Each structure stands twice: as C-alpha cells, then as structure tokens.
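Heads up: the structure comes next, in structure tokens.
The values are calculated or read from the model by the stated rules, or taken from the named source; none is laboratory data. Please read these numbers as outputs of a predicted model, since none were measured by experiment. Neighbour counts are summed over all protein chains in view; Cβ atoms, including those assigned to glycine, are modelled from backbone coordinates with ideal geometry. These area figures cover heavy atoms from the full protein model, side chains too; ligands, DNA and RNA do not enter into them. Shrake-Rupley method; radii C 1.70, N 1.55, O 1.52, S 1.80 Å.
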Amino acid sequence: METNHNYLMVTLQLLGSLGLLIYGMRLMSEALQKMAGPQLRHILGKMTTNRFTGMLTGTLVTCAVQSSSATTVMTVSFVSAGLLTLAQAISVIMGANIGTTLTAWIMSLGYSVDLTSIVYPAFLLGMVLIYKKRHRYVGDFLFGTAFMFLSLVMLSGAGKALDLEHNQQVVAFFASFDTSSHLTILAFLAIGTLITCIVQSSAAVMAITILLCSTGVLPIYLGIALVMGENIGTTATANLVALGANTQARRAALAHLLFNVFGVIWVLIVFYPFVNMVCHLVGYDPAVGGQTTMLPVVLAMFHTCFNVINTAILIGLVPQMERVVCWLLPDKEQGRREEFRLQYIQSNLVQTPEISVLQAQKETAAFGHRVGEMFGMVRQLFAVTDDKQFAKLFSQIENEEDTTDRIEIEIARYLEQVGDGHLSDDTKQKIRQMMREISELESIGDACYKLARTMARKSEGNTTFTRHQTEQLQALMVLCEQALQQMNTVMHGHRSEHDIRESFRLENEINQLRQQLKAENVRAVNDHEYDYAVGTLYIDMVNELEKLGDYIVNVVEARFGK
C-alpha cells in the first residue's frame with residue numbers, strides 16, 4: 001500500500017514538473033517576444049530576402065524565443081497579414097525546426113548537470129526586475145528560465161525516485177517490444193505524434209522521452225521513434241490556429257506539416273543505419289547498451305541531425321513545396337469579393353500583442369481602402385442619369401455603409417481583447433490611435449451614405465443642378481478623393497516616410513472652397529438663379545463633403561499620433 005502511495009506521489013510530481021516546464025517555456029517565450037517588440041516583426045520581414053536568410057532568421061528567432069510553435073504561429077500570422085510571402089514563410093519554418101533543437105540540448109544538459117545553483121538566484125533577480133516596471137519583461141524571462149530549469153531538476157529527481165530500471169514489470173513491458181521491427185518503430189512514432197497533439201508541447205514529450213531513456217528502460221530506437229512523432233505532432237499547433245485564417249496562412253501551416261512528414265519518411269527508410277551513425281557521433285554503442293547518461297545526448301544529437309539534414313535536402317525545393325501546398329489548398333475565394341469578412345484579423349490565432357496590433361493595423365488600412373472605394377461609388381452616383389442604374393448603385397452604397405459599421409465594431413472588439421493583456425506603453429498608444437482611426441473611418445462611411453441620400457432626394461424631386469453647381473461639386477469631390485488617396489498612402493506605409501502637411505494642405509483647400517461655394521450660393525439664391533430648395537440640396541452636399549475632409553484629416557492625425 002505504501003509503495004502504491006509513493007508511486008502516486010512521484011507520478012504527481014512528474015506531471016507537476018511537466019506542467020511547470022510548459023509554463024516556464026511559455027513565460028520565457030512570451031517575455032522575449034515582448035522584449036523584442038516591433039524589432040521581431042522587422043527581423044522576420046526584412047531578413048527573409050531569400051530562402052537562406054529566411055532559414056537563418058527562423059533558426060535565430062526560435063533559438064531566442066525557445067519555441068518553434070511560437071515562431072511558426074508568428075510566421076502564419078505574418079502570412080495572413082500579407083507581410084511574408086508563402087515562399088518566405090516556408091524558409092522561416094525550416095529554420096524554426098533547426099532552432100528548436102536547442103531545446104533538446106538544454107534538456108539533455110538538465111539531466112546531466114545540477115542546475116539548482118542557478119535556479120534560485122534567477123528567481124530572486126527576476127522578482128526584483130518584475131517589480132521594476134522598466135525591466136519587467138527581463139524579469140519575466142528570468143522567471144520563465146528559472147521555472148524551466150527547476151522543472152528539469154524536478155523531472156530528473158522524479159525519474160530517480162520512480163526507480164524504473166529496477167521495476168521488473170516496466171522493464172519487461174518495454175523489453176517485450178521488438179526494436180528491430182519497423183512496425184514497432186511506426187507504433188511509437190504514432191504514440192509520440194498523438195501525445196504531442198494532445199499536450200500541445202513538443203518540449204513536454206521530449207522531456208518524457210529523455211526521462212524514460214535516461215533510466216534505461218526505454219531502448220534508444222523507441223526513444224528516437226517518439227522524437228520523430230513529436231516532430232510531426234508539433235505541427236498541429238500551427239495548423240489548428242490557421243483553420244480560420246486565410247488560404248495563404250493555411251498553406252504555410254500545411255507546408256510545416258509536409259516538411260516534417262517528408263523528413264520522417266526518409267529517416268524511416270534508412271532508420272537503423274541513420275540512428276547507428278548518430279549514436280557513433282556521440283560515442284554510444286546501441287548494441288552494447290548501458291551508459292544511460294549518454295542517451296539524452298543521443299536524443300538531442302538525433303533531433304539536430306534530423307532537422308539539419310532535412311532542411312539541407314528541402315531548402316532547394318522551396319518553389320516546388322509552394323506549388324504542392326497551393327495545389328493541395330486551392331484559393332476558392334479567388335475572383336470574388338465577399339461582402340463582409342475581415343481580411344487580416346483572425347480571432348482564433350493565439351499570439352502576442354505585437355502581432356495582434358500589427359494585424360489590426362493592416363485591417364484598419366484595409367478599412368481605409370474600403371471607404372475610399374465607397375467614395376468612388378458616390379462619385380459614380382453623382383454622374384448617373386439612368387434610374388435603374390442609380391437605384392442599384394445607391395443600394396450598394398447603402399450596403400457598404402452597413403458593412404463599415406460592422407467592420408468598426410469587429411476591429412474595436414478585437415482591440416479591446418488585445419487591450420486586456422499585459423501591454424507596453426507603446427502598444428497601448430497604438431491601440432488608442434487605431435480606436436480613433438476606425439471611428440473616423442466609420443464617419444467617412446456615414447458621410448458617403450449621407451451624400452448618396454442627398455442625391456437620392458435630388459433624383460426623387462427631379463431637381464437639377466446648374467452647370468456651375470455641378471462643376472463646383474465635382475471640383476470639391478476631386479479634392480476629397482485626393483485627400484482620401486493621401487490618407488490611404490499614409491495608412492499603408494510607415495509614418496516617418498510621409499509628410500502630414502500634404503493632408504493639411506488638401507483639407508485647407510476643401511475648407512476654402514466650401515466657404516466660397518456657400519457665399520456664391522447665397523448670392524445665386526438672392527439673384528434667383530435657382531430656387532431655395534435647389535440651393536439647400538447643393539449646400540447639404542457641400543457641407544457633407546467638407547465634413548468628409550475633416551474626418552479624413554482626423555484619420556491622418558491619429559495615424560501620426562497627433
């Protein structure tokens with residue numbers, strides 16, 4: 001009874017250690033991503049000029065954040081946001097697979113070296129830095145690192161406490177498997193894949209594998225089969241978060257899966273010679289056995305060799321991989337525009353605030369482009385003379401106004417969710433700016449609809465503007481269109497690349513022309529050039545165009561943080 005109780009306590013310690021390992025790695029990864037902030041985006045965006053720099057970037061970023069899943073999810077998000085091409089994403093994902101091998105080496109070190117001497121000082125220093133807000137992300141990183149190393153110490157202790165090498169039932173269970181059979185290897189590969197998909201952490205599966213191998217109960221061939229399964233299972237994270245994303249993002253996630261599956265297939269073909277080669281590299285003889293302290297190093301070496309060689313084989317076939325995933329996932333939406341669907345924000349993509357804000361910025365820029373197209377419809381409506389065509393175009397503008405309302409709400413909700421997280425002051429400022437931008441963009445949509453309604457009143461009353469009125473309204477619309485184009489140029493680029501004075505100049509011209517037209521209207525009505533009702537409709541349009549110009553400059557000011 002006491003033995004069962006001891007096993008229960010050790011099992012709970014083992015599970016708790018795994019949970020601590022996952023939490024520590026997540027805390028460390030998120031802290032590094034927050035510390036990097038916009039630089040991480042610029043690194044991924046600018047250092048992927050070709051497949052080799054993309055691979056190197058993926059390797060370095062994954063080594064830094066200690067999570068291939070984090071790098072892959074970021075890459076999928078950037079593809080979804082249009083910041084990376086599919087080819088660039090594939091090369092980054094290849095590099096991420098190499099970068100994640102550092103985790104295996106850290107774990108193998110944790111089973112060979114007593115890390116308690118650095119864990120507790122890291123906790124103390126981390127807590128001090130967390131309370132100093134200026135360095136709280138560094139503190140979070142140290143806390144995450146300390147948790148990770150502490151969990152490795154606890155796992156090692158739990159493995160020794162289980163004393164599996166002297167448990168005849170466990171030894172007999174693993175000894176019953178024929179390690180020379182490919183069917184056994186495939187079975188353990190499937191087990192590794194399944195467990196990784198369930199726990200959503202390749203690091204946890206690697207820790208379990210190292211634990212079992214280091215005790216000597218799990219033969220190295222079966223341990224390596226579990227590691228191969230973990231390589232496939234880890235792709236589930238990116239594929240799950242890409243389910244609701246656009247086609248390009250799903251293709252990037254699928255490329256990750258195909259990359260690892262291809263690697264597993266060729267390793268299975270040459271499994272025993274390849275594993276024996278890796279064992280000899282670290283000085284371990286699988287035929288003799290023993291030397292259990294060497295097994296964690298063997299697993300780490302296999303993980304590295306597998307990913308490095310797989311990348312070396314496929315790095316020259318990136319265009320072919322791109323064609324394969326495009327064939328497997330054709331773009332069904334190509335050639336048709338949906339009435340309402342956010343292009344860049346994917347609510348199911350779990351990511352850092354920096355990426356979330358980036359996607360919201362892209363979505364806001366797309367919103368600006370949409371209201372620009374809506375104003376183009378208003379200009380077309382002003383020139384339409386056919387009643388049926390007028391009714392059809394007016395209905396489109398009406399639908400667009402409803403869509404702009406919904407887009408504003410969806411982006412605002414998303415920003416509110418992002419705002420609930422632990423954000424830097426810079427990120428908070430960006431969210432405030434975007435909240436103002438989407439409000440002003442929705443007002444532009446409202447102004448376009450009001451202009452369309454005024455034109456509808458004019459059409460219903462069979463009212464006709466004079467040639468001078470028509471020319472002046474067209475001149476005012478041209479200025480508004482130029483202001484909208486300038487606004488969209490600013491929103492799609494970096495604010496340091498643009499001059500806000502151009503927007504102010506256009507707004508000033510709109511205001512001056514409006515004052516001129518109002519004065520001319522008063523004189524024309526008094527001189528009986530047209531009646532008061534025509535003048536009212538005319539001035540309603542002039543005033544609404546002037547308001548539209550104000551909303552446009554408000555968007556630009558928000559973009560510049562004014």
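Applying a threshold of 21 Å to the alpha-carbon distances of Lys392/Lys458; Lys392/Lys450; Lys362/Lys392; Lys518/Lys562; Lys388/Lys547; Lys428/Lys562 flags Lys362/Lys392; Lys518/Lys562; Lys388/Lys547 as lying beyond it.
Taken per residue, the accessible surface of the stretch 403-494 reaches 47 Å², heavy atoms only and a 1.4 Å probe. Please work out how much accessible surface Tyr221 shows to a 1.4 Å probe, ignoring ligands, DNA and RNA, in Å² rounded to 10. Taking all protein chains as shown, Tyr221 has close to 40 Å². Of the accessible area of the stretch 385-457, computed with a 1.4 Å probe over protein heavy atoms only, carbon and sulfur atoms account for 43 percent. Sorting Arg250, Arg432 by solvent-accessible area of protein heavy atoms yields Arg432, Arg250, largest first, with a 1.4 Å probe. Using the Karplus relation 6.51 cos²θ - 1.76 cosθ + 1.60 with θ = phi - 60°, the per-residue 3J(HN,Hα) values for the stretch 318-323 come to 4, x, 5, 4, 4, 5 Hz, with x marking Gly and Pro. Counting only protein heavy atoms and using a 1.4 Å probe, the accessible area of Trp105 comes to about 80 Å².
Listed peptides 203-211, 479-487, 394-402 appear in the order 203-211, 479-487, 394-402 once ranked by packing, highest mean of other Cβ atoms within 10 Å at the front.
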